[in-house]
Amino acid sequence: APFLRILGIETSCDETAASVVVRHPDGRGEILSDVVLSQLEEHSAFGGVVPEIAARAHVEALDGLIQEALEQAKVSLPEIDAVAATSGPGLIGGLIVGLMTGKAIARVTNKPLFAINHLEGHALTARLTDGLPFPYLMLLVSGGHTQLILVRGVGEYERWGTTIDDALGEAFDKTAKLLGLPYPGGPAVERAALKGDPDRFKLPRPLVGEARLDFSFSGLKTAVRQAATEIAPLSDQDVADICASFQKAVSRTLQDRIGRGLARFRGEYADVDVQPALVVAGGVAANDEIRRTLQALCIEHGFRFIAPPMRLCTDNAAMIAWAGLERMAAELPSDPLDVQPRSRWP
Ligand code: KG4
Ligand code: ZN
């Protein structure tokens, strides 16, 4: 085919999303539509995502969103060349909704189905937005994941580091909750930190100095709780100071961990002519201080720093569609219609 159009579906967490992406003959991707419905309001009263509520909300929203994505892209269902749906990892209820819908569409249109790993979607986004060549390093920092991944090619990923306890976004959310700030915690902590003193509290910098590339954030959360308990009741200034100190500890931790990752990448490709690059993805990538830290680190190590637009950094279906297109272009096989969703899928 001269070009390929694919419908993407994402339902692994609390965003229902549908998108149509085209891959031009020169390999360039173009997003024809990208519709995302966040369930933030449904979950905010509970201070986190409630799986059962999420699954029901996906059921209600998905058909309409797919219709909208097709309309915006000005394509009809029979004109689609393939379907890509997230099949894991994530909340099983949502995965079932999205994957079953994808299967049904593939079945009636007689088009191939690609069951996509959500993390692969994040990992390949920078090729859609920036045409980035392989290999590169990707840091995924969201509410559910904290991973440093070597992206070698389509379907070729090496996990260099992961969190041994909380995800970084989760640490922001829990810290916010401890301090009485609203959910989601990341933006609230960042806002409060602007007026705070980052040096007032000496919080731990977990795993800093260790050779392995893993992360750990639960000790940080515990230290925040201790600091908050000791000086309670908290004034607004106390809250701001804790947030600023927390963010500084996180930044310094990332600086050490990712710095080691960049050095390892250099070593790995020492004899090869590659332009080293680091890509960030996930909601935490919205954090200004973290972005600046990573950017400075990249300049110091001679890496290109790529932060796709926030809309494509957080959960969306364009990245799932694109992962399907990449699989097609790499001539990887599509998936059988009895493929099963996987809540865990490393
Ligand atoms: O990728 P994402 O939108 O979705 C999932 O993880 O499903 O990431 C959400 C996470 C939340 O934990 C949220 O608190 C965090 O990203 N986050 C931030 C900021 N904005 C969102 N963390 C730190 N600073 C921010 N500005
Ligand atoms: Zn995600």
Study note, to complete from the structure: Screening Leu213, Leu168 for residues that are closer than 23 Å to Leu148 by Cα, at pLDDT 95 or above and within 13 Å of ligand 1 (Cβ to nearest atom) leaves only Leu168
Practice item. Would you tally the residues in the range 275-309 being more than 16 Å from ligand 1 (Cβ to nearest atom), touching a helix residue (DSSP H, G or I) at 6+ places or on another chain (Cβ under 9 Å) and more than 20 Å from Glu120 (Cα to Cα)? Key: 8
Revision key, fill the gap. Cβ pairs under 6 Å, 6+ apart or interchain, first in the range 166-191 and under 15 Å from Ser245 (Cα atoms) and among the polar types (S, T, N, Q), second modelled with pLDDT of 95 or more and more than 7 Å from ligand 1 (Cβ to nearest atom), ordered by first then second residue, are Thr175/Val224; Thr175/Phe246
**Study point:** Which numbered condition Pro182 misses (of (1) within 15 Å of ligand 2 (Cβ to nearest atom); (2) modelled with pLDDT under 95)
**Key:** (1)
Point to revise | Complete set of residues in the range 140-155 that are within 13 Å of ligand 2 (Cβ to nearest atom), of a type outside the set (Val, Ile, Thr) and in contact with a strand residue (DSSP E or B) (Cβ under 9 Å, 6 or more places away or on another chain) | key: Leu140, Ser142, His145, Gln147
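Please go through the range 16-45 and pick out each residue that is among the small types (Gly, Ala, Ser), within 19 Å of Ala57 (Cβ to Cβ) and at pLDDT 95 or above.
Ala17, Ala18, Ser19
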Revision key, fill the gap. Flagged in the range 81-106 as surrounded by fewer than 20 Cβ atoms within 10 Å (Cβ to Cβ) and either under 14 Å from Arg344 (Cβ atoms) or of a type in the set (Val, Ile, Thr) (or both), in numbering order, are Ile92, Ile96, Ile105
Review point. Pick from the range 156-178 the residues that are within 16 Å of ligand 2 (Cβ to nearest atom) and more than 30 Å from Pro233 (Cα to Cα): which of them is surrounded by the fewest Cβ atoms within 10 Å (Cβ to Cβ)?
Key: Arg159
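When you go through Leu220, Leu207, Leu262 one by one, which is the residue that is within 16 Å of ligand 1 (Cβ to nearest atom) and not polar (S, T, N, Q)?
Values: Leu207 fails: within 16 Å of ligand 1 (Cβ to nearest atom); Leu262 fails: within 16 Å of ligand 1 (Cβ to nearest atom).
Being within 16 Å of ligand 1 (Cβ to nearest atom) and not polar (S, T, N, Q) holds for just one of Leu220, Leu207, Leu262, which is Leu220.
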Exercise for review: Tell me which residues, restricted to the range 53-78, are more than 14 Å from Thr11 (Cβ to Cβ), in a helix (DSSP H, G or I) and either of a type outside the set (Gly, Ala, Ser) or at pLDDT below 95 (or both).
Suggested key: Gln67, Glu68, Leu70, Glu71, Gln72, Leu77, Pro78
Point to revise | In the range 109-143, residue nearest to Glu79 (Cα to Cα) [restricted to those that are of a type in the set (Val, Ile, Thr) and in contact with a Leu (Cβ under 8 Å, 6 or more places away or on another chain)] | key: Thr109
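Can you name the residue in the range 172-204 that is under 17 Å from Arg291 (Cβ atoms) and of a type in the set (A, V, I, L, M) and, of all such residues, is farthest from ligand 1 (Cβ to nearest atom)? Walk me through how you get there before you give the answer.
Going residue by residue through the range 172-204, those that are under 17 Å from Arg291 (Cβ atoms) are 172, 186-187, 189-191, 193-194, 198.
The next check asks that each one be of a type in the set (A, V, I, L, M); those that pass are 189, 193-194.
Working: Val189: 6, Ala193: 9, Leu194: 11 Å.
Step by step, filter the range 172-204, then rank; the result is Leu194.
The values are calculated or read from the model by the stated rules, or taken from the named source; none is laboratory data. Note that the coordinates shown come from a computational prediction; the quantities given were computed from them, not determined experimentally. Cβ atoms come from the backbone with ideal geometry, glycine included; neighbour counts cover every protein chain shown.
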